[in-house]
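First the structure, in the form of structure tokens, and then the observations on it.
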Amino acid sequence: MQKKIFILGLLLFVILQVKSQDFFSAPDFSQIARNVKTASSSYYYPNLMRMYLTGTTQMTQEEGRHLYFGYIYQPGYVPTDTSEFNSKLVSILSKQSFTQEDFANILQYAAALLEEDPFNLRALNAQLLVYAQDNNTEEYKKVALKRRIVQDAIISTGDGMSEKTPYYVIKVAHEYDILPFLGFNFGGEDKILKGNKVNYLSLSENRFGVEKVYFNISIIMEHLKVKGGNKL
């Protein structure tokens, strides 16, 4: 019963937060590919990325979805996380308190990660931490807007409550980083289901009684297969 109530609440949250049409919908990758590659399209990718990087332009849900999922058709797209700055950032963020040098390093490492993955939610959250500490309202608002665009794009694709209604992501790391936004903590199990299209993350105990969140990783697996069958 609690799970049903949670699902209904989450659906309402999606409708209100991302202003979806009725409910969530899976991305149409073939249509997105055509749109982001067409210079005359309102979803032409270079224009969307410029809007996003300014951190000052509100984007519609469809613009955000084309921005996020259209990134897989860009030369810089890499579905795995291999940057040395991941561990460096995690190491600093695990501290109980921060020095000014720590804050400077957090910004440096976050910027490096965002160069490789402009939708790295962990890096965006790290920037927000520093800007909040410095009372830098202008930069905080810019980064918060970017984070909102990425989060909205992901949660507009499903409810994550079943294999049939997963959230779509373009990087496995985005699965882990979206959990706190949904109010969950990772429970320790990450399993790819038969067919290599969907995987789930188990959740630690929560008041809604939800045990798993499902993600569609088909685009990640296809990319890895094309590039030579690299493992996640």
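Does segment 171-186 contain any residue that is surrounded by fewer than 17 Cβ atoms within 10 Å (Cβ to Cβ), of a type outside the set (S, T, N, Q) and in a strand (DSSP E or B)? The answer is yes, given that some residue of segment 171-186 is surrounded by fewer than 17 Cβ atoms within 10 Å (Cβ to Cβ), of a type outside the set (S, T, N, Q) and in a strand (DSSP E or B). If the condition is being at pLDDT 95 or above and either β-branched (Val, Ile, Thr) or more than 22 Å from the chain's Cα centre (by Cα) (or both), then segment 185-197 contributes only ILE192.
When segment 202-222 is examined, which residues are found to be closer than 21 Å to VAL78 by Cβ and either aliphatic (A, V, I, L, M) or modelled with pLDDT under 95 (or both)? Step through it out loud before you land on a result.
From segment 202-222, those closer than 21 Å to VAL78 by Cβ are 215-222; that's our starting set.
Passing the criteria: ILE217, ILE219, ILE220, MET221, GLU222.
The set of residues in segment 16-48 being modelled with pLDDT of 95 or more, outside any loop (DSSP other than H, G, I, E, B) and surrounded by 17 or more Cβ atoms within 10 Å (Cβ to Cβ) consists of ILE32, ASN35, VAL36, TYR45, LEU48. The residue that is surrounded by the fewest Cβ atoms within 10 Å (Cβ to Cβ), counting only those in segment 70-94 that are at pLDDT below 90 and charged (D, E, K, R), is GLU84. Screening ALA110 with (1) over 18 Å from GLN127 (Cβ atoms); (2) surrounded by 17 or more Cβ atoms within 10 Å (Cβ to Cβ); (3) among the small types (Gly, Ala, Ser) gives one miss only, at (1).
So that you can scan it fast, the table gives a plain yes or no per residue for (1) in contact with a Lys or Arg (Cβ under 7 Å, 6 or more places away or on another chain); (2) at pLDDT below 95:
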| residue | (1), (2) |
| --- | --- |
| VAL143 | no, no |
| THR157 | no, no |
| VAL172 | no, yes |
| TYR176 | no, no |
| LEU182 | no, yes |
| ASN199 | yes, no |
| VAL226 | no, yes |
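Please tell me if PHE119 is over 26 Å from PRO75 (Cβ atoms) and of a type in the set (Phe, Trp, Tyr). Reasoning before the result, please.
Numbers: over 26 Å from PRO75 (Cβ atoms): no; of a type in the set (Phe, Trp, Tyr): yes.
When the stated conditions are applied, PHE119 does not pass them.
Kindly indicate whether GLU163 is outside any loop (DSSP other than H, G, I, E, B), more than 14 Å from the chain's Cα centre (by Cα) and either of a type in the set (Asp, Glu) or crowded, with 19+ Cβ neighbours inside 10 Å (or both). So GLU163 does not fit the description; no.
If the condition is being among the polar types (S, T, N, Q) and not in a loop (DSSP other than H, G, I, E, B), then segment 193-220 contributes ASN199, SER202, ASN216, SER218.
The values are calculated or read from the model by the stated rules, or taken from the named source; none is laboratory data. From a predicted model like this one, the values you see are computed outputs, not experimental measurements. In this analysis, Cβ positions are derived from the backbone assuming ideal geometry, glycine residues included, and neighbour counts consider all displayed protein chains.
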